[in-house]
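Accompanying notes for the structure given below.
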Amino acid sequence: CFVTISFSQEESINNTIPNTTREIYIVSGIGWGFPMGEETKEVFTPKFSNILGANIASDKEFLFWYPSIDFLSFNYNQIEQDEDYPYIIKKSKSNYYHANFSVGIKKQFSQLKLYAFLGPGVGFMSEPRAEVNQETNIVRIKNKLRVSPTWRTGVGIDYQLERFLLFTEMSWSHNFRKVQGVTLDAVILFIGLKTDISRIAENVTKLISG
């Protein structure tokens, strides 16, 4: 009887202790960025792309932070003359690194979670240029870097798999600086996994704080 009472008391005490572990998921996925607009499609067409980020729970149950980097790739056709490079380049490749600082809201339905997010960011785009040495007839590909403020908003679905989440999301990205005379608006689709590192992050924090 004594053992039973002690067990019940311990169970009652444990049930009253709140779980203070902050949920943190590492986001990794693959997909494509689809440029919008006929003029934009003359310059950019989609290639295989990636995303790396994190979902970090806030003090509010329905809110979370979503920092991420989109590693977008595009087929690239130059349509405007560059005064520093006399030759126009076609059928090349452009890389677009898009750092996002988003906040999101979420709603849980059993194993499914619906979420939406939005926030500002900054984009780093490399534009290829052809540098031709007339004496040696050698062509070297140079890259010009463009930096621009951005905005990204989107929606997604998570499906619970043990300590992983299978996710798919769709977002709209706007670049505030024109490239080749066009505005780069893109619809981005990703699918991938979110890995729960909450316990690891908690243990590291305890170790650092002593």
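The values are calculated or read from the model by the stated rules, or taken from the named source; none is laboratory data. A quick note: this is a predicted structure, and the numbers were derived from the prediction, not measured. Note: ideal-geometry Cβ built from the backbone for every residue, glycine included; neighbour counts use all protein chains shown. Surface accessibility is based on the protein's heavy atoms, side chains included, excluding ligands, DNA and RNA. Shrake-Rupley method; radii C 1.70, N 1.55, O 1.52, S 1.80 Å.
Kirkwood Rh over alpha-carbon pairs of the chain, then Stokes-Einstein at 37 °C and 0.692 mPa s: what D in µm² s⁻¹, rounded to an integer?
Once the numbers are plugged in, D ends up at 164 µm²/s.
Among Val182, Val103, what's the order by accessible area (1.4 angstrom probe), most exposed first?
Val103, Val182
So what's the angle, to the nearest 10 degrees on a 0 to 90 scale, between helix 198-209 and the longest Cα principal axis of the chain?
80
Spelling out what I want: for every residue of the stretch 157-164, take phi, set θ = phi - 60°, compute 6.51 cos²θ - 1.76 cosθ + 1.60 (Karplus), and round to whole Hz; glycine and proline get x.
In residue order, the calculated couplings are 9, 10, 10, 6, 9, 6, 9, 10 Hz.
Need one number: % antiparallel among DSSP beta bridges in the chain, to the nearest 5.
Among the beta bridges of the chain, antiparallel pairing accounts for roughly 100 percent.
Around Ile188, under 12 Å between beta carbons, what's the net of Lys plus Arg minus Asp minus Glu among the other residues?
-2
With loop defined by DSSP as not H, G, I, E or B, and exposure as at most 15 other Cβ atoms within 10 Å, which is the longest segment of the chain clear of exposed chymotrypsin sites (Phe, Trp or Tyr not before Pro)?
63-175
So what is the calculated 222 nm ellipticity per residue for the chain, using -39500 (n - 2.57) for each DSSP H run with n of 4 or more, over all residues, to the nearest 500 deg cm²/dmol?
The helix contribution divided over the chain gives -5000 deg cm²/dmol.
Where does the charge balance sit around Ala130 when Lys and Arg score +1, Asp and Glu -1, over other residues with C-beta under 10 Å from its C-beta?
+2
Ordering Glu23, Glu39, Glu162, Glu169 from largest to smallest accessible area (1.4 angstrom probe), what's the sequence?
Glu162, Glu39, Glu23, Glu169
As I understand it, the value is the acute angle between the Cα axis of helix 2-16 and the longest principal axis of the Cα atoms of the chain; what does it come to in degrees, rounded to 10?
For 2-16 against the chain, the angle is about 30 degrees.
Measuring from label point to label point, each 7 Å out along Cα→Cβ, what is the Glu39 to Val155 span in nm?
Rounded to a tenth, the inter-label distance reads 3.0 nm.
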